[in-house]
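The structure under discussion appears below in the form of structure tokens.
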Amino acid sequence: MGTKTGFSILDYVIFVATVLCSFLIGLFFALWERKKNHNNPEEYFLAGRRSRLLPVTLSFIVTFQSSIIMLGFPAEVYLYGAIYVYYMISIVIAFTFTAFFIVPVFYPLKLTTVYEYLNLRYGNNELRYVTMAMGIFYNVFYMSTVTYGTCVALDVVMGLPYWATIVIYTSVTTIYTSIGGIKAVIWTDVFQFVIMTTGILAVIIKGIIEVGGIAQVQKYSESRLNFNQFGLDPRIRYTFWNLGVTSVPMWLYTSYMQPAMQRVYSTPDVTTARNMYLISAPVYILICIGTIFEGLVIFAYYTSKGCDIYNSGVINNINQLVPYTVLELFGDLPGLPGLFIAALSSAAFSTLSSCLSSLSAIAYEDILKVRNPNVSSQVATNISRLVTVLFGVIALAVTFLISTLPGSIISLFSSFVACMDGPTCAIFMLSAFSRRVTTKGVLFGAMCGMSISLWLNLGKLFSDIPADIPLPAGPTDSCSITSNLTSLNSLTPNEYSTVTYMPHEETSTAFVHATHSLSGLQELYRVSYMYYSFIGFTISFVVGFLASLCCEAPKRVDNRCLFAFRKHVLGKQSDTMNEETIAKENEEEALM
């Protein structure tokens, strides 16, 4: 069983056209802003705070709808089942909380970066710089992971080597982001949203047709419909609890990321910013459910063919699953493989451009402006463009490093960034919801939370513990290509364990039973990576609050930085009230 054909001329045309359109949109806005003499940091980073609801909402969605979702979600479902759908619960909770509890506090401050808030809140830059450093690392790792996922697809579908793909994507994105600013990013995202959605739907529809209808998809993918996993064992990779409940901090952190907050600050008023989240939640969920269903369709397709391409060794990297399937489904339909690559390219461009723009804003507002407050607008904008190029080069280098790491891109990304997103989320939450917390207390709590999360992550990577075993493999008797590559379902038992599969009615993953008991530390390292963010958040929050109680109470707190229920949720004050009145009422209502 193999791919039917490679890229046709039409496929190349569609792919090149997508890249070219993205570049031209950036060029257009660069020339347009220069013509209107809007060459200043506020226009460059925040579009003059005049962005309309629909484009900024679509831009927000595609910023976090990257190859991590387009390749990672179907791959995880293929191996571990559709239980991933419970992830959508945490998205709803996080986005709704952001709309009513985070946006009303941050928007009125009229900042450029999210890290400026910490300077206002504490009157110093200690937490600002620590959190900023974690944010920069997160964004660089995010960009690189997205680029890697796209590299995998282009290698499978087009035969392009990694280095060529990395250079193409980082170069094009860096150029149009650096010259066009946030407006170029937002309107390019709108264009890319349409392409990405079309690509996902094309794979789903064609797959359903090939399998024989939705009823047949359900029949062949029955082993992946494992929605009844409500066990409390933290070692199970996916359960209702770690997907739907404890992953909330993971999604909540996206609201405190500069790419998200930059869109909040680019809107004209707090109502528009709040509606951006309320509209994004259902649209984003529909897209994620689409990719989850895509994973079921792909598994059903290969089961109906009698060839599980991963467990038979036809592909040796689970991230190749979706692009390989595209060639199988559309190999005889010129243009459609190109459409998929265009969709994946759009996902990469949108994420890369958003992160590059955000990193440039951070470098300007949190580093350059702090050291040189009187820098001219023209000089600041030019330096910001150069910084964008610099971060593009850094992302390129990190992408090569990520390409050497094992595992699906979704687990690879989630496990590493969980060391930072939980603690960072705790920093902002404590700062807004408690007047009593101090710089030293919050910083100590964050360091504790990050250290524990990192320790668990490294322990899982480097300890001799059983790996997470997927659900039982599909049939392989009809595969015409064999391979001596070892897949996840043919692991060689180590000295203390043997691999046995539990029925999917009892567990969401195949479970490893040890013939010899593991040590307590090894059992701890087996905790699912989905808990890392929650563990980091909880430790950081609790320790940060308790440590603050041991420090001297802050003498003065800027009340605009504190959450007040009556004002921020019930809307008892208008956005136009003077700061003195707001400060007085916040002082009465802010949580102690």
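The values are calculated or read from the model by the stated rules, or taken from the named source; none is laboratory data. From a predicted model like this one, the values you see are computed outputs, not experimental measurements. Every residue, glycine as well, gets a Cβ built from its backbone with ideal geometry; the counts of neighbours run over all protein chains shown. The accessibility values were calculated without ligands, DNA or RNA, using every heavy atom of the protein model including side chains. Shrake-Rupley method; radii C 1.70, N 1.55, O 1.52, S 1.80 Å.
Remarks
- Filter result (in a loop (DSSP other than H, G, I, E, B), closer than 20 Å to Tyr138 by Cα and of a type outside the set (A, V, I, L, M)) within the range 353-405: Ser403, Thr404
For (1) closer than 30 Å to Asp477 by Cβ; (2) among the β-branched types (Val, Ile, Thr); (3) open to solvent by 10 Å² or more (accessible area, probe 1.4 Å), each residue gets a yes or a no:
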position	(1), (2), (3)
Tyr238	yes, no, no
Ser255	no, no, no
Met276	no, no, no
Ala300	yes, no, no
Tyr310	yes, no, yes
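- Residues satisfying the stated conditions in the range 142-160, i.e. in contact with a Cys (Cβ under 9 Å, 6 or more places away or on another chain) and either modelled with pLDDT of 75 or more or open to solvent by less than 10 Å² (accessible area, probe 1.4 Å) (or both): Tyr142, Met143, Val146
- Selection over the range 89-112 of residues that are more than 13 Å from Phe563 (Cβ to Cβ) and either among the β-branched types (Val, Ile, Thr) or open to solvent by 10 Å² or more (accessible area, probe 1.4 Å) (or both) gives a count of 8.
- In this entry, Thr197 passes the filter for residues that are at pLDDT below 90 and over 30 Å from Phe428 (Cα atoms).
- Residue list for the range 456-499, restricted to those being open to solvent by 40 Å² or more (accessible area, probe 1.4 Å), over 29 Å from the mean Cα position of the chain (by Cα), closer than 26 Å to Gln229 by Cβ and modelled with pLDDT of 70 or more: Pro475, Thr476
- Here Tyr129 meets the list (1) under 27 Å from Glu365 (Cα atoms); (2) touching a helix residue (DSSP H, G or I) at 6+ places or on another chain (Cβ under 7 Å); (3) modelled with pLDDT of 90 or more almost entirely, failing just condition (2).
- Candidate set from the range 392-411 (those that are open to solvent by 10 Å² or more (accessible area, probe 1.4 Å) and touching a Ser or Thr at 6+ places or on another chain (Cβ under 7 Å)); member that is modelled with the highest pLDDT: Val398
- Taking the criterion of being open to solvent by 20 Å² or more (accessible area, probe 1.4 Å), closer than 17 Å to Tyr302 by Cβ and in contact with a Leu (Cβ under 8 Å, 6 or more places away or on another chain), the residues of the range 193-224 that qualify are Lys206, Glu210, Gln218, Ser223.
- From the list Thr439, Thr388, Thr381, Thr424, the lone residue that is open to solvent by less than 10 Å² (accessible area, probe 1.4 Å), over 17 Å from the mean Cα position of the chain (by Cα) and at pLDDT 80 or above is Thr388.
- Any helices (runs of 4 or more DSSP H) falling wholly within the range 68-184 and containing at least 3 residues that are farther than 24 Å from Leu443 by Cα and more than 21 Å from the chain's Cα centre (by Cα): 126-157
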